[in-house]
Structures are given as structure tokens and as C-alpha cells.
Amino acid sequence: MSDTSPDPTAAAFEAERERLRGVAYRMLGSRADAEDVVQEAWLRLSRQDPATIDNLAAWLTTVVGRISLDLLRSRRAHPEASYDLIVVPDDGQDVEDDVALADSVGLALLVVLDSLGPNERLAFVLHDMFAVPFDEIARILGKSADATKMLASRARRKVRSHDRDTAAGPEQREVVNAFLAAARDGDFDGLLRVLDPEVRLTVDGPDGEIVVLGATKVAAGARWGGGSAAAGRAVFVNGLLGMLTWRADGSPMSLLSFTVADGRITGITAIVDPARLATLDLPGIA
């Protein structure tokens, strides 16, 4: 007679699945990658003798943390955009009144986290978001608890600074609008006034990613390509102010997002790859 009693290990894993998915998602910014990490954790657990695991929740957190850390480190060699994108119209609505916008603003944190080093991100996510003790995080990183605390503290300062400087308020809208107007008019000096001297432009095109550094080079490109700004719609891209433009046939042409700090644009991300644009859930032409 076959044993039909439930597998206690599988049941215990299922009880942890949502939390593990949350850890992996905040580490990686991609729901698909998070699902893959959780599945890999299950496969590793299924090959493990349960009697050797004293604390299943801590063991699973360690496994998910290590797998996610490996993925983050591999991204350093392949720096293409690695987080999900939520694009919603910027129609002046309140975050609380629009679920999609609230998700977009929440996802903005993942974009901030993407700018952290892998070790910083792990320490911040596990400790500040999931209350994992520093000694457990230290074992994942192979560092001392004190060094791990310093990583989390440094990450926390970066996140708070970014949140303070880049919230999409009236001042940020004014800067972005000034940039778009100067681009439309071919106003080189106007562009330089709103661009940070060390602004970084990242273009995701059909042939891969191109990075342009410095206000002079970015302004020259924006002035040359500014005509597209006349046919755009204001949007939020993961909580950042942005602009979506279309071609004459109604297909999306570009998706821009702007990072603004201290009254100037410090970062611009432009997606112009038709294949990638086709995969995004984009609002329609206003």
C-alpha cells in the first residue's frame, strides 16, 4: 500500500515560498528571475537531507541569497537592464488613487537598488526589508558581521539620498519639461542649463547598450534628435518622470526616463530597441 501522507519538507517549503519570492524579487528586480531562483532553491532542498537543517527558513534564505548574489555579480559583466518596467501615464493623478502608479513608484526602489553593488544590495534587502540578522547575512557574504553592517549602512544612505533627491515633484517636472522644450527647439545652451555636468545617458538599442557621459555630448545628441519630443506623452517609468514617443504608424519609437537631483538631470535612460519596446505594456497615444 503506497504512502499518501503529505511531504513535510514540501509543505514547509510552500509556507516559505512567498517570502522567498519577495527576497529574490527585491534582490533582482525581475519576477521571472525571482521565480527561477525560488525553483532552484527548491531543487537544492529536495537533494538535501532534512535532518541536517536546523532552521529551514534561515537555510532557504541563505540559499536564495547566494543564488541571487551570483546572478547580481554576473550582471556586472552583462549590464543590460535587468529589472521589470512599469510604465503608466503621468496625468497628475495621486499615487494612492492609481494602483498601477503605486506599483510603478514602488518599483522605483528596485531601480535604486540596481545602482548598488551586489554585496550592498544583499545586506540592505535582507536586513532592512526582511529583518535577517547580520550574522546570517555575513555568512552568505563571507564577511564579518561588522563589515556587513557597514555595507547595509552605506546602501541605506544611498537609498535615502536617492529618494530625497529624485521624488517626482513639481521641481523635477519643471526640469524635465525644460529639457524637452530645449531639445525641441535645438537650444544647446538651454540643454546645458538643465543637465548635470556628469550626466549619464544610457541608450538601449537594437545593437545593445550605448552609454554617453557628460553634458556636452548628451546635449548634442538631444538637440540633434529633439524632434521626436514633440509627439510624446508624459509617463512614469518605474516611478521616474519620463516620455513615450510614437512613430507615424502608431508603433512606439522611444521610452525615456529621467533622474533629477539638485535641479539638474543626472541620468537619462532611453529604450529605442523596437523588439524590447514591443514586449512592454505601454499606455496608448494620448
In the stretch 248-267, residues that are of a type in the set (A, V, I, L, M, F, W, C) and over 18 Å from Pro89 (Cα atoms) total 4
By residue number, the members of the stretch 236-286 that are at pLDDT below 85, at positive phi and surrounded by fewer than 18 Cβ atoms within 10 Å (Cβ to Cβ) are Gly250, Asp262
Going by the conditions given, is Ala234 touching a Pro at 6+ places or on another chain (Cβ under 9 Å) and touching a residue at least 40 places away in the same chain (Cβ under 8 Å)? yes
When Ala222 is run through (1) in contact with a helix residue (DSSP H, G or I) (Cβ under 8 Å, 6 or more places away or on another chain); (2) over 16 Å from Val88 (Cα atoms); (3) surrounded by 13 or more Cβ atoms within 10 Å (Cβ to Cβ); (4) modelled with pLDDT of 85 or more, the failure sits at (4)
- Based on what the data block shows, is Pro79 over 30 Å from Asp204 (Cβ atoms), surrounded by fewer than 18 Cβ atoms within 10 Å (Cβ to Cβ) and at pLDDT below 85? no
So, first residue farther than 15 Å from Ile268 by Cβ and assigned to a helix (DSSP H, G or I) in the stretch 168-187, second residue of a type outside the set (Asp, Glu) and at pLDDT below 85, Cβ within less than 6 Å, six or more apart or across chains; the pairs are Arg184/Gly226; Arg184/Ala229; Arg184/Ala230
Considering the stretch 126-162, residues that are loosely packed, with under 14 Cβ neighbours inside 10 Å and basic (Lys, Arg), and then whichever is modelled with the highest pLDDT, we arrive at Arg157
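The values are calculated or read from the model by the stated rules, or taken from the named source; none is laboratory data. No experiment lies behind these values; they were computed from the predicted model shown. Cβ coordinates were reconstructed from backbone atoms using ideal geometry, including for glycine residues, and neighbour counts include every protein chain displayed.
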